[in-house]
Amino acid sequence: MMILRTAALATLAIASVAPAVEVAEFGKTPGGEMTHVYTLENKSGMKVKLLDLGATLMAAEVPDKEGKTADVLFGFDDPAKYLSDDNQYFGNVVGRYGNRIAKGKFTLDGKEYTLATNNPPNHLHGGGDRALSKVVWKGEKSDADNSVTFSYTSPDGEEGYPGELKAQVTYTLTDDNAVRIEYEATTDKPTVLNLTNHAYFNLSGAGSPTINDHVVTLYADHYTPVDDTLITTGEIAKVEGTALDFREPHAIGDRVDSFGDAEGAGYDHNFVLNKTPSDVEGLHKAATVKDPKSGRVLTVLTDQPGVQFYGGNFLKGQTGKDGKTYAHRSGFCLETQHYPDSPNKPDFPSVVLRPGETYTHTCVYAFSAE
Ligand code: GAL
């Protein structure tokens, strides 16, 4: 009897503890650096994979309304593809400045800085080979927290940005199927910073042909209009009466054709968040996306002022994990962030980080099914 009770207790104890975080080699970069994948699992049957190259969120196996899991994130099977010219930043942490800086120039404390114009004529997502999405971060796992912290020190002047930047990103998989991303950074010289995650989701499973049936709510009355090179004009405009009005839920496909079919056309806008309170202290709601087929729901919470809703307009059938193909507009990103080109827009919330200050940013991707 006693033995039976002890055995039952032991089973209970095992059931209530998430498995340890697993680490495995993912292969070497073309430059010869070894990369690693971390696999996190929780008690609710969800699994997440993280990669030290680009501090990347590379897979999320999420249950649908029947409890059947599918990987809803885009990614690649080998490090070289993550470093290829057309990698599209799948799941990467992008920066130092996520989004665009006009003509790759900004002035801080009277000094002009020049960055790569890797998205001509503008700077995009931190630049070239030493952008934060292209370097191997140092990973450290915590079994107790079911988390991994990636750290990277970017030398003063790397990719043209001033200051030695010490950055870290912690990914935690919670037992209620949320991925919590916490960024932190300090600098030794005044600099600009705007980190975000560039995960692409298809809630029917990555590789499914469309997101047109996904129903989106964005907690934003306003957005930041852009010119034809996708640089913000400085204006804060109402979404009312436009195809960007997602204050009430709309399927992505309902109005996407109104943007035309030129290369890159479609949803690719920064929304000014209303700061609608959420049930997580300190975080407001950015977006809710529902996939009627699988019943999967993604809720995005953050403490940032904006979110870039990008509908995968530059995807062109890249081959990703397990040979899956990522068709044009078959994945969406919700990049919690400051507004595009803020270093050149004095009226936008500041992106300046000074010595002695700590940059912090939290984004939660919470999954459920209904
Ligand atoms: C998004 C950006 C798009 C495109 C994409 C990468 O963050 O808003 O315009 O550049 O990244 O292909």
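Quick grid of which residues meet (1) β-branched (Val, Ile, Thr); (2) buried (at least 20 other Cβ atoms within 10 Å of the Cβ); (3) on the phi < 0 side of the Ramachandran plot:
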site	(1), (2), (3)
ALA265	no, no, yes
HIS269	no, yes, yes
PRO277	no, no, yes
HIS284	no, no, yes
LYS290	no, yes, yes
VAL297	yes, no, yes
ASP303	no, no, yes
VAL307	yes, yes, yes
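Only residues that are away from the ligand (no atom under 14 Å from the Cβ) and within 21 Å of the chain's Cα centre (by Cα): list them for the range 113-131, please. Selection gives GLY128, ASP129, ARG130. Taking the condition out of contact with any helix residue (DSSP H, G or I) (no Cβ under 8 Å at 6 or more places or on another chain) and surrounded by fewer than 16 Cβ atoms within 10 Å (Cβ to Cβ), does ALA20 pass? Spelling it out, ALA20 is indeed out of contact with any helix residue (DSSP H, G or I) (no Cβ under 8 Å at 6 or more places or on another chain) and surrounded by fewer than 16 Cβ atoms within 10 Å (Cβ to Cβ).
Summed over the range 103-129, residues that are crowded, with 20+ Cβ neighbours inside 10 Å, over 19 Å from TYR310 (Cα atoms) and in contact (Cβ under 8 Å) with a residue 60 or more places away in the chain total 1. It is to be established whether one or more residues within the range 258-275 are modelled with pLDDT of 95 or more, more than 16 Å from the ligand (Cβ to nearest atom), among the basic types (Lys, Arg) and under 28 Å from TYR359 (Cα atoms). Within the range 258-275 (the criterion being modelled with pLDDT of 95 or more, more than 16 Å from the ligand (Cβ to nearest atom), among the basic types (Lys, Arg) and under 28 Å from TYR359 (Cα atoms)), the answer is yes, since at least one residue qualifies.
Kindly indicate the residue of the range 309-326 that is part of a loop (DSSP other than H, G, I, E, B) and more than 19 Å from the chain's Cα centre (by Cα) and also surrounded by the most Cβ atoms within 10 Å (Cβ to Cβ) among those meeting that condition. Restricting to residues being part of a loop (DSSP other than H, G, I, E, B) and more than 19 Å from the chain's Cα centre (by Cα), the top hit is LYS324. Among the residues examined, GLU112 does not qualify as within 24 Å of ALA327 (Cβ to Cβ), of a type in the set (Asp, Glu) and outside any loop (DSSP other than H, G, I, E, B).
The values are calculated or read from the model by the stated rules, or taken from the named source; none is laboratory data. This one's a predicted model, so the numbers in the text were calculated from it and none came from an experiment. Cβ: placed from backbone, ideal geometry, glycine included. Neighbour counts: every protein chain shown.
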